[in-house]
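The values are calculated or read from the model by the stated rules, or taken from the named source; none is laboratory data. Just so we're clear, the structure is a prediction, and the values are computed from it rather than from any experiment. Cβ sites come from the backbone with ideal geometry, for glycine too, and all protein chains shown count toward neighbours.
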Amino acid sequence: MVPLLLGALAIGLTLGLLGSGGSAITVPVLIYMVGHGTKESIAESMAIVGLISFAAAVPYARTHLIDWRSVVFFGIPGMLGTFVGAWLGGHSSDALQLVVFGAVLFLAAFFMLRKTRPPLDGVANEEEHIPHKAIWKIVMEGSVVGVVTGFVGVGGGFLIVPALVLLGKLPMRLAIGTSLVIIAAKSLVGFLKYQHHLVTHDSTVDLQTIAIFVAIGVVGSLVGKMINARLNQQVLKQVFAIFLVLLGGYLMYQEGGKILTRPRTESTAIRLHSLSETTASLAVTSAVTAD
């Protein structure tokens, strides 16, 4: 229970201090601290991230800081991509999923370290629409981010927000609120697909774990927001980015070795099975001859 509580608190504090990054550590926490299986952890991560994102999106919706047109053009392709990614994840080895997850953590660290210029007030406002020439780019990126979300169980906010700002020409506040709705929708699709896969394989998610992570995660995020003004945001992001690189490297090293040794192990097992069958056949033949 203690690792579960500490993991949930760490995720919530990360969200509160940095405004993102919580979903990047949810799957590793569930696997290595709580002890759940990879696919169970990915499904639980989607439920946790989706519920927290939905709760966080409510204040943005009340203040009209969600661009619903962007939700349609980015969210619907993202939901379809998430379904495909979850299907692929259900038919992939745990090791492959975690190696890809490690690579995604590298990408998240890069975006966290990259210095982004705040959007100018004159670039866009809540009344503007997405440029028509950028719609297809948003649809494509939404689909790709959705596949990544479905395969490894991350929210993908570090990819969604820049796309909405740069391609959709949305101001940052509007992009953040819009991304929360998109993440919640994609997470719902991914969770349902993984849950269906788990049920067909006589497994399921732990609803108690999900509830605890969501409750403590929300509280932790509120605490993080209260103290983040006293801390240097740039230093925090740098430290967390380094942590993501180390965690991603560990996952790729730890799980990559399993992928490389798996064919050899399977080949050896096949040879041993074949040898045992041959030995048994010779033994039967010898017994018959002796009779």
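Report yes if V49 is β-branched (V, I, T), assigned to a helix (DSSP H, G or I) and at pLDDT below 90, otherwise no.
yes
Residue-wise test of (1) in a loop (DSSP other than H, G, I, E, B); (2) modelled with pLDDT under 80.
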position: P77; (1), (2): no, no
position: G85; (1), (2): no, no
position: F101; (1), (2): no, no
position: A124; (1), (2): yes, yes
position: E127; (1), (2): yes, yes
position: I135; (1), (2): no, yes
position: V145; (1), (2): no, no
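Which residues, counting only those in the range 33-75, are among the hydrophobic types (A, V, I, L, M, F, W, C), over 18 Å from the mean Cα position of the chain (by Cα) and over 27 Å from G7 (Cα atoms)?
A61, L65, I66, W68, V71, V72, F73
Take the residues in the range 161-188 that are under 13 Å from the mean Cα position of the chain (by Cα) and either surrounded by fewer than 22 Cβ atoms within 10 Å (Cβ to Cβ) or not charged (D, E, K, R) (or both), then tell me which one is nearest to Q97 (Cα to Cα).
Step by step, filter the range 161-188, then rank; the result is S187.
Residues are listed down the side, and each one gets a yes or a no for (1) touching a helix residue (DSSP H, G or I) at 6+ places or on another chain (Cβ under 6 Å); (2) of a type in the set (K, R); (3) over 24 Å from Q97 (Cβ atoms):
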| position | (1), (2), (3) |
| --- | --- |
| F191 | yes, no, no |
| H196 | no, no, no |
| V199 | no, no, no |
| T204 | yes, no, no |
| F213 | yes, no, no |
| G220 | yes, no, yes |
| K225 | yes, yes, yes |
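Just to be sure, is V154 aliphatic (A, V, I, L, M) and part of a helix (DSSP H, G or I)?
no
For (1) touching a residue at least 60 places away in the same chain (Cβ under 8 Å); (2) β-branched (V, I, T); (3) in a helix (DSSP H, G or I), each residue gets a yes or a no:
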residue: Q195; (1), (2), (3): yes, no, yes
residue: T209; (1), (2), (3): yes, yes, yes
residue: F213; (1), (2), (3): yes, no, yes
residue: L222; (1), (2), (3): yes, no, yes
residue: K225; (1), (2), (3): yes, no, yes
residue: Q234; (1), (2), (3): no, no, yes
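Against the definition (part of a helix (DSSP H, G or I), of a type in the set (A, V, I, L, M, F, W, C) and either crowded, with 17+ Cβ neighbours inside 10 Å or in contact (Cβ under 8 Å) with a residue 40 or more places away in the chain (or both)), how does L65 come out, yes or no?
Taking the combined requirement at face value, the residue does not satisfy it.
Among (1) among the aromatic types (F, W, Y); (2) in contact with a Gly (Cβ under 9 Å, 6 or more places away or on another chain); (3) at pLDDT below 90, there is one condition Y250 misses while meeting the rest; what is its number?
Going through the list (1) among the aromatic types (F, W, Y); (2) in contact with a Gly (Cβ under 9 Å, 6 or more places away or on another chain); (3) at pLDDT below 90, Y250 breaks only (3).
Out of (1) at pLDDT 80 or above; (2) surrounded by 15 or more Cβ atoms within 10 Å (Cβ to Cβ), what's the single condition that is false for N228?
So N228 meets the others, but not (1).
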